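The values are calculated or read from the model by the stated rules, or taken from the named source; none is laboratory data. Bear in mind that the values here come from a model prediction, so they are computed numbers and not experimental data. As a convention, Cβ positions derive from the backbone with ideal geometry for all residues, glycine included, and neighbour counts pool all protein chains shown. These area figures cover heavy atoms from the full protein model, side chains too; ligands, DNA and RNA do not enter into them. Shrake-Rupley method; radii C 1.70, N 1.55, O 1.52, S 1.80 Å.
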Amino acid sequence: MNKWTTPLAAISVLLVLALELAAGRSTGITLLVAMMFWASLCQGLIALAAAAELSGARWIRPIRDRVLLTYPLLLMFPALFLIFSARLDFYPWLDHGTAWLEPAFFVIRNTASLVLVAVAAHFFVRRTLAGAPGARALAVLYLLAFVVCQSLMAFDWVMSFEYPWINTLFGPYFFIEAFYLGICATALMLARATWRDRAAFQPTLKDAASLLFGFSLLWAGQLFAQYLTIWYGNIPEEVGYVYKRLAVSPLWEIAVFTLFAFFFIPFGVMVSKAAKLSPPVVGAVAVLVCLGYVLERLLFLLPDGPVHPVVLPLELALVGLPVVWATLVVRQVKTPA
Amino acid sequence: MLKSARRPLVLAGGAATGQPGGLAVALLAGLLQWTLGAVGDAVDFASAYSFDRLGTCADLARLGQRLRAKEIGVLFISRIHSLAGQPGVAPAIDAAAFPVGLTDFLTPVYQRCRIILPVPHALEAWGDAEPRRGLLSLIRPVFRPFHDTRPELDILSTLAGGQAAAKSFLFDRWRPLPGGWWQNGFHQTRPAGVTPALRPAETLAAWQSASPAAQPAPLWLVVAPSLRTYDGRSRAIPLLHEIPDPLSTVSYGPFVSVSPETARRRGLSANDLLRSGNGANRLELPLHLQAGLPPDVWQIPVDALGDLELPIDARTGEAAAVMAGLTWESTGLHRKLPVLSGSTDATGRGITPGHRKEAHHHHERHTLLPPLEHKHYRWALAIDLDRCNGCSACVAACYLENNIAITGPAEHLHGRELSWLRIQPYFNRDEPPVLLPMLCQQCGYAPCETVCPVYATYHNEEGLNVQVYNRCVGTRYCNNNCPYKARRFNWFDYDRPAPLNLLFNPEVSRRPKGVMEKCTFCIQRIRAAKDLAKDQARLVRDGEVTPACAQTCPAGAITFGNLLDPGSRVSALAHSGRAYRVLEELGTEPAVYYLSKRVK
Amino acid sequence: MSLGTYYQNLETDVLAAMRKPSTLYWVALAFSGALFAMGMGLWGYQIMTGIGASGKMHPVGWALYITNFVFWVGIAHSGTLISAVLFLFRARFRSSFNRSAEAMTVIAVMTAGLFPLIHLGRVWFFYWLMPYPNQRHLWVNFRSPLVWDVFAVSTYFTVSLIFFYTGLIPDLAVARRHATGLKRWVYRVLSLGWEGKPNQWNHYNQLYMFLAAFATPLVISVHSVVSWDFAMSVIPGWHTTIFAPYFVAGAIFSGTGMVITLVVPMRKILGLEKYITIDHFESIAKILLFTSLIVSYAYIVEFALAYYSGNVFETAHFSYRLLGDYRYFYWMMLLCNSLLPLTLFFKPLRRNLKYLFILSIFVNIGMWLERFVIIITALAHDYDPYNWGNFAPTLVDVGIDIGSFGMFFMLFLIFTKMLPVLSITEVKEHAE
Amino acid sequence: MTREWLYHDKESFLLKLKELLAAGTPPERLTIMTPFHVHEVDHLLHLKPSPLKIFTLIGAAAGLAAGWGLTIYTSLDWPLRTGGKPIVAIPAYVIVAFELTILIGAIVTFGAFLFLGRFPVLKVITGGDATEAQFLIQEHREEDE
């Protein structure tokens, strides 16, 4: 983390705004995908640190400060969401809304939750780095904000496209994925660090890799719990959502890919101890999971609204730039004394 | 309204004519029928029931007076099972010097007799009847009498000094009739068309004189004949208590009903024990809240009357079915009624025709499961809700055909009746009342089947949702997961004391305790038909199989058949615009189609 | 105090618990044994008369028995959680709880295992639920959640038992030295002649690691399967995707509660204050709080989405849960599971054993009620209003329910006298 | 004759062990017993990591195979259609396969432990007790034979 991160973030937000204005309505809900991915990743990073803080985990120590110092990135997302709110008209409920699905309320509560997360992260990180008391309380606070924000992402950003379809596990599924992303980002940072200083970081890398392994299993469990229930219940209104995404190409292929990216490959690879210790392998798996996340978002959203094939990579890159900078490029960590 | 109708029909009767102004109503109805030209066309006096050989309540009342005046020594009573509401006749019997009862089962009336001469059941003896004018039918016994009994005819002819020979006596009277009756058992003559000459002017005058001054009464008591026991004559048949009254869904015990609003206004609640009348005419009944009743109307089935006397209209000689000014006060006690329906409001639930739902927002039906396939047959049922009047004959038929256990009042209070087929009444907020016969829907994607751990229920290749009683271990999961709750569980071993065990249908196995059971479209009948078809190397023809319920339905509301046969009546009905399926949006693909004009 | 004497004291302290029991113990044992006997007797009566002896009816085909089944399986969960998961996360405080928690697991699964049998209409055919070769070529329906249950619960029992026993082996060797007479021989055999040689330890560690690694996903899978007994149905209030994680969290929540209920008095009576410290309890209390939050989250989501969707059946069901015939149970449940545990945010309360003990009792009640409410309300008020009906338990229901508690406490009391209630080996290991 | 050292604490025990090994005592001449697992000992004696994991893998694989085999074979043995679900209903059978993987995996692992550790040790069960209470080192000299 250094002084460039914040300006970079500001610039990329402005560029995104420019892009959206330039490309106009044709961008559809592209921004939603880019936003959701990077927001979940950043929130997940801090969430991982917070969870480690609460469970008094020692393993994360070597990398902790670098992870924590990504917190200012979280401020990008409320801004980006406000930009996206110009595209609400892609939501089917916009004309005949309900008490909950009401445009103004929708924008306010989602922006607020993103701000809340950023603020909670800010205080939690400051306290923790300063080693001041009450850091744990703030960690709890952050995690609560994180859960609320991710649940809203699931239920508002994505699920409401298919109103009145409901899936109660959607929220938990989202924040587990966000946490998973956070672990991936940490693993990437560790892979890079281990590359430079094997002795100092390898044990930590191994632990992060084990977490990847564990979460691949947990993720599979969550997915299975949803699919099994819907498949078994066989209620048309409920099955429709899955059916639409499994019956047609290329969505079907995407679904299979995400299954491999999130579960089979991480699980299969991370079984072996050697793989857990090798920075390139862990890094590759982490990247794969991130890719899986993006594609899964496409799986969710493609049937609901237009995603611009050119704008999507651009926006992913633009929003990603400061994040990559803060996590991977920046070298020295200046921990405030 | 009459103008708009294509072939208007005006009918009067029941409560309409049973009230003080009843005669006026009857006359007005006659006038209307006459003016609409319905007489002789829709209204056929020729083949009406021959009431001309019957007395009126007034006659009975007169008999009572004569008895009390000791004008009668020996009194023979036969074929009277209830004197509910008949003014003071029953008590008067005691005044007779020597009342003799001829009956096949004991009712309160016969308990007053000095001696009882047991007569055989109608199925045990020769006899004849004239159900309606011009139709004479000969009744022949179907089995030898179980007990040492004598037919009425024997008894009477012996007393008359002749010899006991009911059969010969009958045949002497039937022999002169033109032949043919010994083959088909009945003799029919088309009676001369009776078109009574109606004199409008006089009728009108009579009507004006008859119509009484409208008297406002605080509340009315309507005495309706009970659907199950009529005037109480069938009270001794246990099955008729097991089957609930279709509107109130009360099975055991008499009750008085009033609309929920009225009850609320009067601070009464369900199962309150109410008292009415006084002295000998005292009546104590638990309260049932009946949706659909107009305010301030109390309604009791006639068989609940007990000794309460009904006033008699001198001009018609008939007992009034409507009484004014009868008050009910709470006794502060409660008597829980077995009300089998949890609620009668299904608004918006996709159950009644007015609220049926599309299977899916989009037109194609989504499923992740393979499509349903059936070989040769997909048995299905079509129930015409516009024809069904809730008479519950189908329910009775189902009980008898399938050896369904009778569990009794105590179990009914626990919600443990075992009927496979039931009449569900609905009084939705925005829809006229619906009577919905509910039975196992033989779903294609049946939720019950998949959850059974031991394959005790599975989908056979004819689309039936079969139940293997021997295999069932009684997890009850299937019924939990049935959206229609159409399955029944044997909580205990239920046995039928002799001679009721004679009622068992040998084609259907009895179920022991701990086993789930359900409707399978009378699979035993389907099997029989298929065996026949197999012998003749063909498929079962349409109409060859008829489940007990369809066979019994007097309105012909139930149609059974093979959905895969495009020529079958059921597939025609299922594909008609009137058809819908209950809870269709659950995607269970039921094989029971409900028909209603309200659907389209 | 030198380590040597510390070890000596530890052994004597822990094994002292296994010396001759007090009269109080005998009274407690007799009492719980009597309750258990009563339960069995009532079960016998029910088998003779039929399931009708219990309060179940149409439409409520499942009631207290399944409630108890889910409850006890839930109780069984924290045992393996505390042992396995905390072992994998290298959390030290596990060593003071794991033994009693694992014992609790084994006992609770045995108790739970009875209820699927008790609730069967024809229990004498229970073996039809097992896949065994037979002339009729009739197998079981592997698509039925009840068959998944058979596999999940029996697997859970077996693995928990192995895990429990493996942990015991070195301690049995210790017990063997302190015991005399017949008991000594029993421990000798049970300890498999353990010596503590390096190669033995080498294999032993691997074994324990793998068992922990197996047990962790097992914990999650077992209660997910239990939750799917309900989620697989199409009944509003049962059919919802969140059930699996929600039930798992609930199970751990209730199990942790029961651990506290058992260990607080045990620690006092057996005088183990030195080894089971307040810090340990605080850590457990945190787990309790954490799982309580997850469960509350699930409650909120279930309700919110039901109203969000505006689905007539969903909204009707949840309104019924909140305001219907069983509302008092539901409100009590919310109090016990969602509100009271929030007090654990306050450190002093987390460290107050009396408070923790009382709270844990409330948690047990709350979680029992949760299962009761979920099962009964969903069945009592489903799609077709004609079928609605209310369940009221009979004496047989209640008696068998109480009997199961009798069985559980009876077996746990026997455990405290038969086996070392603390993992002597691990406490030693962590002593440095 | 056998020389024997008993210690109450790990450190002094380890010191002695290091000393003996430094003095060139072959490890196979030493009998060591400890009250709990001491990782340093493994290093000092150059113990190979336990081969248990292989058995675990085999057991788990066998369980998985058994799970799929049982479910699929039995449903094809007499195909009965329930609720419109396919005869081979993979999502449902995943659960059985998973449980059996863990069940058989765990049982085989435990069996392998007994086998590799040569349990039960009859001479200890029948004869006197091992003194694994403290840290024990025994050195056996040739004179013993």
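A loss of 20 Å² or more of accessible area (1.4 Å probe, protein heavy atoms, ligands and nucleic acids excluded) relative to the isolated chain is seen in these residues of segment C:363-406: C:LEU379, C:ASP382, C:TYR383, C:ASP384, C:PRO385, C:TYR386, C:ASN387, C:TRP388.
Ignoring everything except DSSP H segments at least 4 long, calculate the 222 nm mean residue ellipticity for chain B; use -39,500 (n - 2.57) per segment, divide by total residues, nearest 500.
Computed mean residue ellipticity for chain B: -5500 deg cm²/dmol.
A Förster radius of 41 Å combined with the Cβ-Cβ distance from B:ALA129 to B:GLU373 puts the calculated FRET efficiency at roughly 0.20.
Accessible surface area normalised per residue over segment C:3-431 is 31 Å², counting heavy atoms of protein chains with a 1.4 Å rolling probe. In this calculation the C-beta distance from D:THR31 to A:ALA199 is compared with R0 = 56 Å, giving a FRET efficiency of 0.95. Coordinate range of the alpha-carbon atoms in the protein assembly as shown per principal axis, descending: 137, 89, 69 Å. A loss of 50 Å² or more of accessible area (1.4 Å probe, protein heavy atoms, ligands and nucleic acids excluded) relative to the isolated chain is seen in these residues of segment C:158-172: C:ILE162.
Solvent-accessible surface of segment B:1-91, taken per residue with a 1.4 Å probe and all protein chains present: 60 Å².
For the interface of chains C and B, what total accessible area is buried with a 1.4 Å probe, rounded to the nearest 100 Å²?
The buried area between C and B, both sides summed, comes to about 4300 Å².
Ignoring ligands, DNA and RNA and using a 1.4 Å probe, state the total buried accessible area between A and C in Å², rounded to the nearest 100.
Numbers: alone 14310 and 19690 Å², together 31610 Å².
In total, chains A and C hide about 2400 Å² from solvent.
Helix-only arithmetic for chain C: the sum of -39500 (n - 2.57) across DSSP H runs with n ≥ 4, divided by the residue total, places the mean residue ellipticity at 222 nm at -24500 deg cm²/dmol. Over segment A:45-111, the reciprocal of the mean inverse Cα-Cα separation, the Kirkwood hydrodynamic radius, stands at 14.7 Å. Ignoring lysines fewer than eight residues from A:LYS206 along the same chain, the ones with Cα atoms less than 26 angstrom from its Cα are A:LYS273, A:LYS276, A:LYS334, D:LYS48, D:LYS53.
Computed about its Cα centre, the charge dipole of segment C:239-339 is approximately 240 debye, with only Lys, Arg, Asp and Glu carrying charge at their Cβ. Quick one: P(r) of segment A:5-329 from all Cα-Cα pairs, 20 Å bins, percents rounded to integers, in order of increasing distance. P(r) over segment A:5-329, rounded to whole percents: 32, 60, 8, 0.
In chain B, Cα pairs under 8 Å separated by at least six residues give a relative contact order of 13 percent. Calculate what fraction, in whole %, of the accessible area of segment D:52-116 sits on carbon and sulfur atoms when a 1.4 Å probe is rolled over the protein chains. Carbon plus sulfur share of accessible area: 87 percent. Rolling a 1.4 Å probe across the protein heavy atoms gives segment D:52-116 an accessible surface of 38 Å² per residue. When the listed pairs B:LYS375/B:LYS485; C:LYS268/C:LYS417; C:LYS20/C:LYS197 are checked against a 25 Å cut-off, the alpha-carbon distance exceeds it for B:LYS375/B:LYS485; C:LYS20/C:LYS197.
Here the peptides D:30-39, C:142-151 are ranked by packing, the mean other Cβ count within 10 Å, and the order with the highest first is C:142-151, D:30-39. Counts of other chain beta carbons within 10 angstrom of each beta carbon in peptide B:231-242 average 0. Atom-type composition of the exposed protein surface of segment C:1-113 places 74 percent of the accessible area on carbon and sulfur (1.4 angstrom probe). For segment C:126-141, a decrease in accessible area of 30 Å² or greater in the assembled protein chains relative to the isolated chain, with a 1.4 Å probe, applies to C:TRP128, C:LEU129, C:HIS137, C:LEU138, C:TRP139, C:ASN141.
For chain B, the fraction of 1.4 Å probe accessible surface lying on carbon and sulfur atoms is 57 percent. Here the mean projected area of the convex hull built on the C-alpha positions of chain C is 23.6 nm². Note on C:ILE278 and D:HIS46: with the Förster distance fixed at 60 Å, the Cβ-Cβ geometry gives a FRET efficiency of about 0.90. Taking the Cα centre of the protein assembly as shown as reference, the dipole from Cβ charges on Lys and Arg (+1) and Asp and Glu (-1) amounts to some 920 debye. Inter-label distance, D:ALA22 to C:ILE269: 5.3 nm, where each label sits 7 Å from its Cα along the C-beta direction.
Heavy atoms of chains D and C lose about 5500 Å² of accessible surface on contact, summed over both sides with a 1.4 Å probe.
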